[in-house]
Amino acid sequence: MKKMVNIIAIFLVLFLLTFTANIYARALNNLDITTTKEKLHPGETVTLNVEFGEEMGSYTVNVDYDDNLLEYVSAEGGTANNTGSKVIVVYYYNAGGTDTPRTNMSITFKAKEGMVTTNPTDLSITLTGLGTPDANPIDDITVPIVKNLIVEPLYVDYDIALNYTGEIVPKEEKDMEIVISSTMGKSYAHTRIIAEAVTPNGENVKLLATDSQSLEHDIIQSGWGSADGDAIGGKDVVKKLQARGVFSGYGDYSITLKLIDRDNSDSVIASKTFSISVKEKPAEVVPPAEEQVPPTTENKPQQETPSTLPKTGNTIYLSILPIVTILIISYVLLLKKK
């Protein structure tokens, strides 16, 4: 009989412990925590929303964040305390006051200015001091709930240029410069430059560059850069490559330059096509040389003696004077004879 009483007592204790636990502590089964966005740029805000799934009389929400990337803006649904890398929001419902039980709360953060790279980060959330409006406790959530974010600058697409000056002469090397640039370029750890060409029928083109080991590479055939690829990215990034183009003949060519990401199955980061016209120079027209005729008397213009002397003011007087003289002498002689 005594043994039976002991067994019943043990079962009663276990039942009371289980019943008490069910009354005084339970899980928050319908909790839902979300963010308004997963990626944000400098100056943009993101809000962490906590939906409890039922009315709450008390709670303390702790949110750890990276203060190198984010700054606290505001909280709604309790009294907030920002420690610099953690925001603590405390709420307590007073049945005799003006507050009402809450089913949600929120915290807003802003991305800091000045970032030049992509930065994965997260918000780490725990909840303590949970209770119903009638003061029944709810289990704390001490294993952090993590919401992932990406904080990055507003990237500008990469631009590709192929620069050269002057006319292109077939079969002669033409100095060219390949320039890849961006005012805010996304960072890539391993990139290469490749090229494709379309040529006139029967013609070909080479785009040559020499590496630090004095080895010459045709970018159209083998690309440019190490096998693993080279890094690029950042603010006001400019990457220049000196090259030489060799075009086999006249006609219209096109060269397409691409920047590819080796870490993402050689996906194309940027691409640009350049049309190049190699024109034949027009033949120079040489003016005929003037015929040199040796000077001869036949070819010299003959000066004709005028048949009539030019008249001047004294000519008539010179003609009359001799006649007058003769008449005077004749008259004098006649007078002497008489």
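The values are calculated or read from the model by the stated rules, or taken from the named source; none is laboratory data. Keep in mind it's a predicted model, so treat the numbers as computed, not measured. Note that we place each Cβ from the backbone using ideal geometry, even for glycine, and neighbour counts take in every protein chain shown. The accessibility values were calculated without ligands, DNA or RNA, using every heavy atom of the protein model including side chains. Shrake-Rupley method; radii C 1.70, N 1.55, O 1.52, S 1.80 Å.
Which one of these is assigned to a strand (DSSP E or B) and touching a Lys or Arg at 6+ places or on another chain (Cβ under 6 Å): V73, V87, V63?
Answer to the selection: V73.
Exactly one residue out of I150, I178 is at pLDDT 95 or above and more than 30 Å from G251 (Cβ to Cβ), and it is I150. Taking every residue in region 112-133 that is hydrophobic (A, V, I, L, M, F, W, C) and pairing it with any residue that is open to solvent by less than 40 Å² (accessible area, probe 1.4 Å) and not in a strand (DSSP E or B), at least 6 positions away or on another chain, the pairs with Cβ-Cβ distances below 6 Å are M115/P42; M115/P153; V116/P153; L123/Y65; L130/I138. Kindly indicate whether G225 is in contact with a strand residue (DSSP E or B) (Cβ under 8 Å, 6 or more places away or on another chain), buried (at least 17 other Cβ atoms within 10 Å of the Cβ), of a type outside the set (D, E, K, R) and at pLDDT below 95. Here the answer is yes, as G225 does meet what is asked.
Answer yes if at least one residue in region 237-250 is open to solvent by less than 30 Å² (accessible area, probe 1.4 Å), closer than 30 Å to P153 by Cβ and touching a Ser or Thr at 6+ places or on another chain (Cβ under 7 Å), and no otherwise. For region 237-250, residues open to solvent by less than 30 Å² (accessible area, probe 1.4 Å), closer than 30 Å to P153 by Cβ and touching a Ser or Thr at 6+ places or on another chain (Cβ under 7 Å): present.
So for region 208-223 (the condition being over 23 Å from V278 (Cβ atoms) and in contact (Cβ under 8 Å) with a residue 40 or more places away in the chain), does at least one residue qualify? No. Scanning region 110-119 turns up one or more residues that are of a type in the set (G, A, S) and part of a loop (DSSP other than H, G, I, E, B).
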